[in-house]
Amino acid sequence: MIGRRAAGGTPPIAYQGDDVGTRLLYLARHGEQDRPPGTPPGLDPPETGLSDRGRRQATLLGERLRGVPVDAVHHGPLRRAVETAELVAASLPGIGVYAAEEVGDHLPHDTDPTGLPPAYARLLAGFSPAERADGPRLAAAAVRRFATAPDDGDRRDLVVTHTFLIAWFVRHALDAPERRWLGFNAHHCGLTVIRYGPGGPPTLLAVNDVAHLPPELRATGLPEDYRF
């Protein structure tokens, strides 16, 4: 049993084994992408796979999860997510790996840019009307599928996805304002874990955990001025 002591000295809250119908959702951003030289930031070709560092990150994430009773690995359709999921799954023999359109790389919410910093307003302005309609629809489908307590017993699902959707799941778990998905940046192959139970709000267990990565493989998915 894994647990923590709640405020006020009450007994530990169990994260597995005590409740029927709980889900541990493991969210991981894909590994570092192999960006062609001279590619402007934010304009990565969608079908570019992992760099050498990205493959190492994914392999180490798989080693981190070895022994965890994961029920399934799900991934978005882009090549960098597919390759990451395959490398992680190599450490999880016998676990099914499934493509899922709803956990791809899309805008999770058509956020009103009014009052936002200029960088966020520019980001949002770069999405087409179709992307502003389709992205939120897919993000809502991802929440319906994964951000719930299952009705068929306990589950552990690993979702290999992209930073926008991880931000949306974290915002959803905290019941934060919809625009608060902005400002969240996921490390490549960082691990975020959320528990969904049959009663009460979701429990955020880990955010951007990179303990499985050596220092030189951390923060590769963050802007230069965010690195620490």
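Structure summary
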item	result
Residue list for the stretch 152-168, restricted to those being within 20 Å of Gly31 (Cβ to Cβ) and in contact with a Leu (Cβ under 6 Å, 6 or more places away or on another chain)	Asp157, Val159, Ile166
Scan of the stretch 204-228 for residues that are modelled with pLDDT of 95 or more, hydrophobic (A, V, I, L, M, F, W, C) and out of contact with any helix residue (DSSP H, G or I) (no Cβ under 7 Å at 6 or more places or on another chain), ordered by number	Leu205, Ala206, Val210, Ala211
Pick from the stretch 126-183, criterion hydroxyl-bearing (Ser, Thr, Tyr) and touching a strand residue (DSSP E or B) at 6+ places or on another chain (Cβ under 8 Å), ranking: nearest to His74 (Cα to Cα)	Thr161
Search result, residues across the stretch 170-210 that are basic (Lys, Arg) and either without any contact (Cβ under 8 Å) to a residue 24 or more places away in the chain or closer than 29 Å to Pro118 by Cα (or both)	Arg171, Arg179, Arg180
Residues satisfying the stated conditions in the stretch 184-228, i.e. farther than 25 Å from Leu50 by Cα and in contact with a strand residue (DSSP E or B) (Cβ under 7 Å, 6 or more places away or on another chain)	Ile194, Arg195, Tyr196, Pro202, Thr203, Leu204, Leu205
Subset of the stretch 70-100 that is open to solvent by 80 Å² or more (accessible area, probe 1.4 Å) and under 17 Å from Arg155 (Cβ atoms) - its residue that is nearest to the chain's Cα centre (by Cα)	Tyr98
Whichever residue in the stretch 137-151 is more than 17 Å from the chain's Cα centre (by Cα) and surrounded by fewer than 16 Cβ atoms within 10 Å (Cβ to Cβ) and, among such residues, is nearest to Leu24 (Cα to Cα)	Asp151
Odd one out for Asp52, checked against (1) charged (D, E, K, R); (2) at pLDDT 95 or above; (3) under 20 Å from the mean Cα position of the chain (by Cα)	(3)
Which numbered condition Arg132 fails, given (1) touching an Asp or Glu at 6+ places or on another chain (Cβ under 7 Å); (2) under 21 Å from Arg29 (Cα atoms); (3) surrounded by fewer than 20 Cβ atoms within 10 Å (Cβ to Cβ)	(2)
Scan of the stretch 75-115 for residues that are in contact with a Leu (Cβ under 7 Å, 6 or more places away or on another chain), among the hydrophobic types (A, V, I, L, M, F, W, C) and in a loop (DSSP other than H, G, I, E, B), ordered by number	Leu92
Failed item, numbered, when Thr114 is tested on (1) hydroxyl-bearing (Ser, Thr, Tyr); (2) over 19 Å from Val73 (Cβ atoms); (3) open to solvent by less than 60 Å² (accessible area, probe 1.4 Å)	(3)
Total residues in the stretch 169-228, condition charged (D, E, K, R), in a loop (DSSP other than H, G, I, E, B), surrounded by fewer than 16 Cβ atoms within 10 Å (Cβ to Cβ) and on the phi < 0 side of the Ramachandran plot	1
Among (1) in a helix (DSSP H, G or I); (2) open to solvent by less than 20 Å² (accessible area, probe 1.4 Å); (3) charged (D, E, K, R), the one test that Asp157 misses	(1)
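Conditions tested, residue by residue: (1) in contact with a helix residue (DSSP H, G or I) (Cβ under 6 Å, 6 or more places away or on another chain); (2) within 24 Å of His212 (Cβ to Cβ); (3) of a type in the set (Lys, Arg).
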{"position": "Val88", "(1), (2), (3)": "yes, yes, no"}
{"position": "Gly94", "(1), (2), (3)": "no, yes, no"}
{"position": "Ala99", "(1), (2), (3)": "no, no, no"}
{"position": "Thr111", "(1), (2), (3)": "yes, no, no"}
{"position": "Leu123", "(1), (2), (3)": "no, no, no"}
{"position": "Ala130", "(1), (2), (3)": "no, no, no"}
{"position": "Arg137", "(1), (2), (3)": "no, no, yes"}
{"position": "Ala141", "(1), (2), (3)": "yes, no, no"}
{"position": "Arg156", "(1), (2), (3)": "no, yes, yes"}
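The values are calculated or read from the model by the stated rules, or taken from the named source; none is laboratory data. Since the model is a prediction, treat every value here as computed from it, not as a measurement. Reconstructed Cβ throughout: ideal geometry from the backbone, glycine too, with neighbour counts over all protein chains shown. Each accessible area value is taken on the protein alone, full model and side chains, heavy atoms only, with ligands, DNA and RNA left out. Shrake-Rupley method; radii C 1.70, N 1.55, O 1.52, S 1.80 Å.
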